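The values are calculated or read from the model by the stated rules, or taken from the named source; none is laboratory data. As the structure is a prediction and not an experimental result, all values here were calculated from the model. So basically every Cβ, Gly included, is an ideal-geometry build from the backbone, and we count neighbours across all protein chains shown. Remember, those area values only see protein heavy atoms, side chains included, never the ligands or the DNA or RNA. Shrake-Rupley method; radii C 1.70, N 1.55, O 1.52, S 1.80 Å.
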Amino acid sequence: GNSLHGMNHFLPGVTCLGDLLKEAGYHQSFIGGADAAFAGKGRFLKSHGIEDLLGLQQILEIIPNATTNSWGIYDDDLLDVAFEKYKKLSADAKPFALYTLTMDTHGVTPSPGCVKDKVVNNDKTYIDSARCTDYLVDRFIRRVLDEDSKRGNNTIIIVSTDHLAMSYANPEKLQQAGPRRNIFFALGNNRTETHDVLGTKLDIPATVLSFLGYPEKAFGFGRDLTTRDSLMIQDPDFGSTMVTKMGAEMRKQFWMMPGVGDGTTLEVNTTSKKLRLGDRVFSIPILISANSKDETEEILQYDPMDPIPIALRTHSGTTSITVDQCRFFDAGFATMLPTYCLFVKDSSKSSGWLLPLHQSHVSLKLNTILHKTALPVGFINGAISDKAGTKRVSFNERRKKKKLRVILGSLFGVLILCSLIVRAILIIRKKNRNKEGRGIDVETTNEKLMDSPSHYSDVKLRQR
């Protein structure tokens, strides 16, 4: 979700589309109007093949007077920057992939360029935002295709959505217009080919690879939709099977989280607000949840979209290690507590051991405090605050009343690398296909389920 910004490694156990393209010699660039650090996006992209990364701050350096909203740069300026980047990349002989992520449809205020060109009513409705994005993306694609015609028609443009319109778009009214589906289509390369099939976001990487001439027809859990049915179509229960029977093992393999046993060292620095577990670094506040085998199952971190404090979150493990503000814990008669406390417990009970972090840096071996009957040195008896239940209800009520803006729920990936892309446009110049023998074996590549298994996409693949 949106709390993944606090990790130093992002899906280290996963091979993504970007990893394959990097291995094949593609130069990869990403341009997005939001802060590159949001939800760990920048770290994810850098971890999986992206060389050039332009976010809010970098675009403002290029266009200092660019208009912004609460999400970032408006799409008119964003797509102008993306087009200039495309021209620069296409002038080089090296194959490339350029990813860009639009944002205007996250709200009801269209880009200033659309108002200037009089393509919207400027009545602050979602229809205006959709109309504006449609206009800007159409103009951008036409500019790219025109430029590509001067250079041999060797560019493929891929467009995909990541999720359906959210609450501010009045989805009930949209539903009356007919079935609502995510879309995915491809243009370019002087070919015409149409496939009207159902698929999921997991199928996009395999399908994109087929456009680039790779021989394999599968990528992780995805299938090339030009030749094979999606696994979700082959087995309607596949999605639920992934979540219920394979979810824990996939999290373990994909994230490669260190366990909390075998003498693992835990370090907390309240000055830098970082926690180190083994060789992994996270931001605090944080809750680490482990099972009875000391295997890490969940790591919960601060999410600006979620008002419930980390200490009050529910988790699936039997053992938990939490670093959060001391005010969320009951320290008995202890007074003069510092800002942060370390709370450890070995069961589903609310009581455990509390370590007030008076020192800015603390380092300890977890096997000296976990599964022990005697109170570890420096710890005191503690518990989740008696007021936690009241606070949780209060936070949940605030959540219901506040319309939260949600982007990606699971980070985006396929075009931008794993299995999902948000209102994104991917431009790829293919390598010289005289080198047909350099295909990449992607049949056994791991893939993370990023989207709801029940959300099928209406896939239209057109190349011309």
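Straight-line reach only, C-alpha to C-alpha below 20 angstrom: list the aspartates and glutamates that LYS118 could link to, leaving out same-chain residues fewer than 8 apart.
Partners within reach: ASP75, ASP76, ASP77, ASP80, ASP104, ASP128, ASP134, ASP138.
Quick check: from the Cα gyration tensor, does segment 80-226 come out rounded (a/c under 1.5), prolate or oblate?
Verdict is oblate for segment 80-226.
Can you say what percent of the DSSP beta bridges in segment 30-188, counting only those with both residues inside, are antiparallel? Round to 5.
55 percent
Measure off, as a whole percent, the carbon and sulfur share of the 1.4 Å-probe accessible area of segment 246-369, all protein chains present. Intermediate values should be presented prior to the final figure.
Details: 2910 of 5690 Å².
Carbon and sulfur: 51 percent of the exposed surface of segment 246-369.
If you roll a 1.4 Å probe over the heavy atoms of the protein chains, what accessible area per residue do you get for segment 252-387, in Å²?
48 Å²
Express the carbon and sulfur contribution to the solvent-accessible surface of segment 84-195 as a percent, rounded to the nearest whole number, probe 1.4 angstrom.
Roughly 50 percent, rounded to a whole number.
Given the whole protein assembly as supplied and a 1.4 Å probe, what does the accessible area of LYS87 come to in Å², nearest 10?
Accessible surface of LYS87 is approximately 70 Å².
Going through the cross-link list LYS41/LYS274; LYS41/LYS245; LYS22/LYS87; LYS201/LYS273, which pairs have a Cα-Cα distance over 30 Å in this structure?
LYS201/LYS273
Sorted by mean Cβ packing within 10 Å, highest first, what order do the peptides 365-376, 314-325, 64-75 take?
314-325, 64-75, 365-376
Please compute the per residue accessible area over segment 133-241 with all protein chains in place, 1.4 Å probe, rounded to a whole number of Å².
46 Å²
Once you have the Cα-Cα distance between ILE127 and ASN69, take 0.36 nm times their residue separation minus that, and quote the gain in nm to one decimal. Working shown, then result.
Numbers: separation 58, 0.36 × 58 = 20.88 nm, distance 1.77 nm.
Here the answer is 19.1 nm.
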